[in-house]
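Heads up: the structure comes next, in C-alpha cells.
The values are calculated or read from the model by the stated rules, or taken from the named source; none is laboratory data. Remember, it's a predicted structure, so these values are computed and weren't measured experimentally. With ideal geometry, Cβ positions are generated from the backbone for all residues, glycine too; neighbour counts draw on all protein chains shown.
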C-alpha cells in the first residue's frame, strides 16, 4: 500500500470527527461545561472496558459498543440533572464533571489491572489508533453522525436557546432538563463512536479547540462554525502527515498540532489587534 492509501482513511475519519464535534463544541463552550466531552469520553471508555470483562471483544464488538453506550447514557443523565440543579446548589457543574472523569478513569485502570490481556487498551483509550480505522467503520460512523446532525438541525432553536440563554429558555416554558437530557444523549452517541476511533484526548481536542480558536475572531455562530471546520480539516491533514513523516503516534500528533495551531492563532490575533490599536 502507498502512503496515500494508508493515510487517507485516517484523514477522512478526522474530517468526519471535526464536522460534528466542532458544532457540538459551540454548545459546550457556551454552556461553560468545557470538560463534559472529556468526561463522557472517559465514561464511554469505561463502558468498553466493562464490556471486555463481560466477555466481549474490544475491537468492533457490538456487545462492547452497547456497554459503552449504556454507560454514556448514564453519564448523560447525571450531567442533565446536575445542570438543572446548578442554580440551587453551591456545587458547580464542572466539579461534578471532573469527579465523574476522575472516578471513571480510576475504575477503568482498576478493571484493566485484573485483565490478563488487552492491557494496551488503556493507552488506546487516551490516544486511540486512528490509523487502524477501516472504510466500513468510517461509513457507519458517518451515517450515525449524519443522523445526529439531522436531529440537532430539526431542534436547533431549542438547543441553541438553552445553550446561549438558559434563563430566557426557562421563561418561555422550555423543559430545560428534558432537552438537556436529549442533548447529552445525542452527545453520547457521538462520543461513544468517536472514542472507539480516536481516543479520549483527540476527541476532546476536536470538540474544544476549533470552537475556542473561532471565538478569538468572531462571535457569530455561522462564522465560528466555518472557522472551526476549516481549522479541523487543515490541522487533521497536517497532523496525519506529520505523524507519517516523523514516525509518531497519529492521535497524539494531531492533538499536539491542534495545540500548536491554537497558540499561533492566538498570537496572530494579539499581534493584529495591537497593530490596530497603535494605528488608532
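Going residue by residue through the stretch 186-194, is there one that turns out to be under 20 Å from residue 133 (Cα atoms), outside any helix (DSSP H, G or I) and under 13 Å from the mean Cα position of the chain (by Cα)? Looking through the stretch 186-194, none of the residues is under 20 Å from residue 133 (Cα atoms), outside any helix (DSSP H, G or I) and under 13 Å from the mean Cα position of the chain (by Cα).
Matching residues to (1) assigned to a helix (DSSP H, G or I); (2) without any contact (Cβ under 8 Å) to a residue 40 or more places away in the chain; (3) touching a helix residue (DSSP H, G or I) at 6+ places or on another chain (Cβ under 8 Å); (4) on the phi < 0 side of the Ramachandran plot:
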site: 196; (1), (2), (3), (4): yes, no, yes, yes
site: 211; (1), (2), (3), (4): yes, no, yes, yes
site: 238; (1), (2), (3), (4): yes, yes, yes, yes
site: 255; (1), (2), (3), (4): yes, no, yes, yes
site: 264; (1), (2), (3), (4): yes, yes, no, yes
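Counting only helices (runs of 4 or more DSSP H) that sit completely within the stretch 2-97, those holding 1 or more residues that are under 19 Å from residue 162 (Cβ atoms) and without any contact (Cβ under 8 Å) to a residue 40 or more places away in the chain correspond to 62-84.
Scanning the stretch 226-243 for residues that are within 22 Å of residue 2 (Cβ to Cβ) and buried (at least 18 other Cβ atoms within 10 Å of the Cβ) gives 236, 239, 240, 243.
The set of residues in the stretch 213-234 being more than 14 Å from residue 21 (Cα to Cα) and not in a loop (DSSP other than H, G, I, E, B) consists of 215, 221, 222, 223, 234.
Here is a yes/no grid of residues against (1) out of contact with any helix residue (DSSP H, G or I) (no Cβ under 7 Å at 6 or more places or on another chain); (2) surrounded by fewer than 17 Cβ atoms within 10 Å (Cβ to Cβ); (3) more than 21 Å from residue 137 (Cβ to Cβ):
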position: 7; (1), (2), (3): no, no, no
position: 10; (1), (2), (3): no, no, no
position: 17; (1), (2), (3): no, no, no
position: 30; (1), (2), (3): no, no, yes
position: 40; (1), (2), (3): no, no, no
position: 47; (1), (2), (3): no, no, no
position: 57; (1), (2), (3): no, yes, no
position: 71; (1), (2), (3): no, no, no
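Applying the selection to the stretch 160-173, what residues are surrounded by 15 or more Cβ atoms within 10 Å (Cβ to Cβ) and over 18 Å from residue 82 (Cβ atoms)? Matches in the stretch 160-173: 160, 161.
Applying the criterion of being at pLDDT 70 or above and farther than 22 Å from residue 205 by Cα to the residues of the stretch 84-109, the residue that is surrounded by the most Cβ atoms within 10 Å (Cβ to Cβ) is 107. Restricting attention to the stretch 110-136, the residues that are at pLDDT 75 or above and loosely packed, with under 13 Cβ neighbours inside 10 Å total 5.
Looking for something more than 12 Å from the chain's Cα centre (by Cα), surrounded by 24 or more Cβ atoms within 10 Å (Cβ to Cβ), modelled with pLDDT under 90 and within 30 Å of residue 74 (Cα to Cα) - is there at least one such residue anywhere in the stretch 244-256? Yes; the residues of the stretch 244-256 include at least one that is more than 12 Å from the chain's Cα centre (by Cα), surrounded by 24 or more Cβ atoms within 10 Å (Cβ to Cβ), modelled with pLDDT under 90 and within 30 Å of residue 74 (Cα to Cα). With respect to residue 200, is the statement that it is touching a residue at least 24 places away in the same chain (Cβ under 8 Å), surrounded by 22 or more Cβ atoms within 10 Å (Cβ to Cβ), under 19 Å from the mean Cα position of the chain (by Cα) and under 17 Å from residue 80 (Cα atoms) true? It is false that residue 200 is touching a residue at least 24 places away in the same chain (Cβ under 8 Å), surrounded by 22 or more Cβ atoms within 10 Å (Cβ to Cβ), under 19 Å from the mean Cα position of the chain (by Cα) and under 17 Å from residue 80 (Cα atoms). I'd like to know if the stretch 263-279 contains one or more residues that are surrounded by 24 or more Cβ atoms within 10 Å (Cβ to Cβ) and either under 17 Å from residue 28 (Cα atoms) or modelled with pLDDT of 90 or more (or both). Within the stretch 263-279, none of the residues are surrounded by 24 or more Cβ atoms within 10 Å (Cβ to Cβ) and either under 17 Å from residue 28 (Cα atoms) or modelled with pLDDT of 90 or more (or both).
For residue 34, the criteria (1) buried (at least 22 other Cβ atoms within 10 Å of the Cβ); (2) modelled with pLDDT under 90 hold in every case but one, which is (1).
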